[in-house]
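Trainee: My questions will all concern the structure given below.
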Amino acid sequence: MVLARRFREQADRSSEQDLRDALSRSYYALYHAGIVLLGKAVSHRGFPAELEKFDTALAQTVSNLQKLRSKADYDPEMVSRDYASDLELFRLKVGESLEEGRGAFQRLLLEIAKQRSDSKE
C-alpha cells in the first residue's frame with residue numbers, strides 16, 4: 001500500500017511532462033492498490049475485468065485511466081492531436097481524469113479495508 005499511496009501523491013503536476021506523468025502515476029496507484037485488493041498480480045489488460053467483480057463503475061474508471069496512461073506514456077502527439085496543442089485544455093482534462101482516479105483510489109482503499117475487516121471476523 002505504501003507504493004500505491006506514493007504513486008497517488010505524485011499524480012498532481014502541471015507541465016505537459018508532469019501531466020503525462022500524473023496520468024501514469026494515477027493509473028499505477030490504482031493498479032498497485034488493485035493488486036492488494038485482489039491478492040494477486042494481474043496483467044494490465046486483465047486488470048479492469050478483475051475489478052468488475054467489485055464494482056463495474058470502478059472497472060470502467062480504471063479502464064479509462066489505463067487508456068490515458070498508455071497514450072501519455074507512448075503517444076508523443078497526444079496533446080497536439082487530441083487537444084489541438086492547447087495545454088490549458090489538456091490540463092483541465094487531466095485534472096478531471098485525476099479526480100476520477102482519486103475517487104477510484106478511495107474506493108479501492110475502502111474495499112481493501114472491508115476485506116481486511118471481514119478476514120478478522
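The values are calculated or read from the model by the stated rules, or taken from the named source; none is laboratory data. Given the structure is predicted, the values throughout are model-derived calculations rather than measurements. Cβ placement follows ideal geometry from the backbone for every residue including glycine, while neighbour counts extend to all protein chains displayed. Just the protein is used for accessible areas: all its heavy atoms, side chains included, with ligands, DNA and RNA removed. Shrake-Rupley method; radii C 1.70, N 1.55, O 1.52, S 1.80 Å.
Trainee: Rounded to the nearest percent, how much of the accessible area of the chain (1.4 Å probe, protein heavy atoms only) is carbon and sulfur? Walk me through the numbers before you get to the answer.
Mentor: Values: 3390 of 6860 Å².
The computed percentage sits at 49.
Trainee: Can you tell me which lysines have their Cα less than 24 Å from the Cα of Lys93? Leave out same-chain residues fewer than eight positions away.
Mentor: Lys67, Lys71
Trainee: Using label points projected 7 Å from each Cα along Cα→Cβ, tell me how many nm separate Lys40 and Gln60, to one decimal.
Mentor: 2.7
Trainee: Pick out which of Val94, Val36, Val62 has the largest mean-square fluctuation in a Gaussian network model of the chain, springs linking Cα atoms closer than 10 Å.
Mentor: Greatest mean-square fluctuation among the candidates belongs to Val36.
Trainee: Here is a follow-up. Could you compute the net charge surrounding Val42? Neighbours are other residues with a C-beta less than 13 Å from the C-beta of Val42; K and R count +1, D and E count -1. Show your work: numbers first, answer last.
Mentor: Values: positive: Lys40, Arg45, Lys53; negative: Glu50, Glu52.
With Lys, Arg at +1 and Asp, Glu at -1, the neighbours total +1.
Trainee: Right, here's the next one. Could you tell me which label, among (i) 53; (ii) 40; (iii) 58, carries the value of percent of Cα pairs over 20 Å apart calculated for this structure?
Mentor: (ii)
Trainee: Just from its helices, what would the mean residue ellipticity at 222 nm be for the chain, if runs of 4 or more DSSP H residues each count -39500 (n - 2.57) and the sum is divided by every residue, rounded to the nearest 500 deg cm²/dmol? Write down the numbers at each step before the final one.
Mentor: Numbers: 6 runs with 94 residues, N = 121.
Result for the chain: -25500 deg cm²/dmol, rounded to the nearest 500.
Trainee: Quick one: putting +1 on the C-beta of Lys and Arg, -1 on the C-beta of Asp and Glu, what dipole do you get for segment 80-121 around its Cα centre, in Debye to the nearest 20? Each step should come with its number before you reach the end.
Mentor: On the way: 8 positive and 9 negative charges, 40 e Å.
Here segment 80-121 has a charge dipole of around 180 debye.
Trainee: Could you derive backbone 3J(HN,Hα) for segment 51-59 from the dihedral phi with the Karplus parameters 6.51, -1.76 and 1.60 (θ = phi - 60°), listing whole Hz in sequence and x where the residue is Gly or Pro?
Mentor: Going residue by residue, I get 6, 4, 5, 9, 5, 5, 5, 4, 4 Hz, with x marking Gly and Pro.
Trainee: Note down the magnitude of the dipole of the chain about its Cα centre, charges +1 on Lys and Arg C-beta and -1 on Asp and Glu C-beta and zero elsewhere, to the nearest 20 debye.
Mentor: Numbers: 20 positive and 20 negative charges, 97 e Å.
Its charge dipole is roughly 460 debye.
Trainee: Under the definition of Cα pairs under 8 Å and six or more residues apart, what whole-number percent is the relative contact order of the chain? Walk me through the intermediate numbers first.
Mentor: Numbers: 121 pairs, mean separation 36.8, N = 121.
30 percent.
Trainee: Now, a different point. Projected onto the charge dipole of the chain (+1 at Lys/Arg Cβ, -1 at Asp/Glu Cβ, origin at the Cα centre), which of Leu51, Val36, Ala72 gives the Cα projection farthest towards the positive end?
Mentor: Of Leu51, Val36, Ala72, it is Val36.
Trainee: When the C-alpha atoms of segment 26-90 are aligned to their principal axes, what extent does each axis show, in angstrom, from largest down?
Mentor: Between the extreme Cα coordinates on each principal axis of segment 26-90 lie 41, 20, 16 Å.
Trainee: Which trypsin sites (Lys or Arg not before Pro) does segment 41-121 hold that lie in a coil by DSSP with at most 14 other beta carbons within 10 Å?
Mentor: On the way: sites: Arg45, Lys53, Lys67, Arg69, Lys71, Arg81, Arg91, Lys93, Arg102, Arg107, Lys114, Arg116, Lys120; in loops: Arg45, Lys53.
Here the sparse-neighbourhood loop sites are Arg45, Lys53.
Trainee: Under a crude label model (7 Å from the Cα following the beta-carbon direction), how far is Ser15 from Val2 in nanometres?
Mentor: That separation, rounded to one decimal, is 2.9 nm.
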